[in-house]
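The values are calculated or read from the model by the stated rules, or taken from the named source; none is laboratory data. Predicted, not measured: the structure shown is a model, and the values here were computed from it. FYI the Cβ positions are ideal-geometry reconstructions off the backbone, even for glycines, and counts take in every protein chain you see.
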Amino acid sequence: MSEIEPTRKPVMEPAEELEHLALAAKISGIETEIVLPKKREILRPQMRLHYLDWGTAGRQPIVFLHGAALNAHTWDVVCLTLRQQYHCYALDQRGHGESAWAEDADYSGDAHRGDLEAFVDHLGLDQFILVGHSMGGFNAYNYAFHHSHRLAALVLVDSGPALLTKSPRRIVDFVTQTAELDSLEEAIQKAVEFNPRRDPRLLRRSLLHNFRQKPSGKWARKTDLRMWQGVHREKDRALLKERFDQAERVNCPTLIVQGSMSDVFTSEDAQKLANDFTNGHFAQVGEAGHTVQGDNPRIFAQILAQFLGKVSRDSTRED
């Protein structure tokens with residue numbers, strides 16, 4: 001194991017996690033049974049991947065991929081909402097959360113795709129639903145570009161080629177400027193300043209999934225920020241843009257979701273991208289910025305469930 005990757009001790013006791021989830025659900029306006037996911041890992045050559053398994057066995061699987069500098073817990077309320085209808089998995093992608101950091105600093109699209117291929121094969125998934133936010137949307141699309149025949153549906157959340165040209169500098173600056181802080185209270189203050197839609201009561205615990213306390217007492221991000229410094233980064237972005245130009249190759253039903261208050265992905269960006277797919281659809285989530293699933297998880301979960309219900313009905317009619 002690399003010496004620079006995050007420590008692997010529980011960030012909260014189970015009772016604290018349950019209390020946090022219950023509060024998150026209440027604030028989001030969701031009434032459902034409050035349960036904790038199972039925390040699991042898979043190992044592949046030079047990489048350890050951590051993920052959350054929300055059950056329910058036998059249900060159609062959904063795999064959720066978070067955005068850059070986030071982690072699998074960004075989907076907690078969404079998974080809590082959908083877990084009785086679907087078997088939800090949320091993956092900590094390499095260099096994030098409780099997964100390992102890449103010793104060679106390889107955070108290319110192909111490296112992420114290799115992780116996802118190994119993860120899917122490990123779980124034996126087929127005809128599953130793949131949902132990705134921002135960077136996770138890039139990785140989801142890259143997987144779908146090569147394997148759309150294995151997908152029942154693809155969902156990209158505030159993610160598309162427009163982000164490659166607009167460069168969300170504000171997000172990158174915020175993450176790098178908060179790479180190490182003196183206290184958790186400072187992290188909460190900075191997070192609220194960056195996104196006033198976030199509730200400080202939730203941040204006090206949710207930030208524990210994104211930060212770890214160092215022996216010095218300072219708090220450091222669990223994210224490997226070398227992901228933004230790779231020597232092949234521009235080449236990787238150009239290749240991804242080229243693949244987005246061939247979106248018609250992805251023939252599974254695809255939903256493009258946009259946050260109505262997003263400052264990096266407009267409704268025009270989203271609708272244009274949806275039209276590029278053979279079976280593309282567009283939906284907007286109100287009262288949500290770029291991190292749609294965190295700002296308005298209830299409405300996002302509703303839109304996702306409605307879309308997947310339509311996909312299922314259309315598939316039944318075709319059969």
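Couple of notes before you dig in:
- Looking across segment 90-119, the residues that are more than 13 Å from Tyr143 (Cα to Cα) and among the acidic types (Asp, Glu) come down to Asp92, Glu98, Glu103, Asp104, Asp106.
- Test set (1) modelled with pLDDT of 95 or more; (2) in a helix (DSSP H, G or I) - Val257 fails condition number: (2)
- Checked against the criterion of being among the β-branched types (Val, Ile, Thr), outside any loop (DSSP other than H, G, I, E, B) and under 30 Å from Pro61 (Cα atoms), segment 165-174 has no qualifying residue.
- Being among the hydroxyl-bearing types (Ser, Thr, Tyr) and buried (at least 20 other Cβ atoms within 10 Å of the Cβ) is a description that applies to Ser206.
- Condition met for Asp314 (modelled with pLDDT under 95 and either assigned to a loop (DSSP other than H, G, I, E, B) or closer than 27 Å to His73 by Cβ (or both)): no
- Taking (1) within 20 Å of the chain's Cα centre (by Cα); (2) part of a helix (DSSP H, G or I); (3) of a type in the set (Gly, Ala, Ser) in turn, Ala238 satisfies each apart from (1).
- Residue match in segment 208-216 (condition: closer than 27 Å to Asp314 by Cβ and at pLDDT 95 or above): no
- Just one of the listed residues (Thr223, Thr254) is farther than 29 Å from Phe307 by Cα and among the polar types (S, T, N, Q), and it is Thr223.
- Among the residues of segment 276-307, those identified as assigned to a helix (DSSP H, G or I) and more than 18 Å from the chain's Cα centre (by Cα) are Asp276, Gln306, Phe307.
- Number of positions in segment 47-71 that are part of a loop (DSSP other than H, G, I, E, B) and closer than 27 Å to Val311 by Cβ: 9
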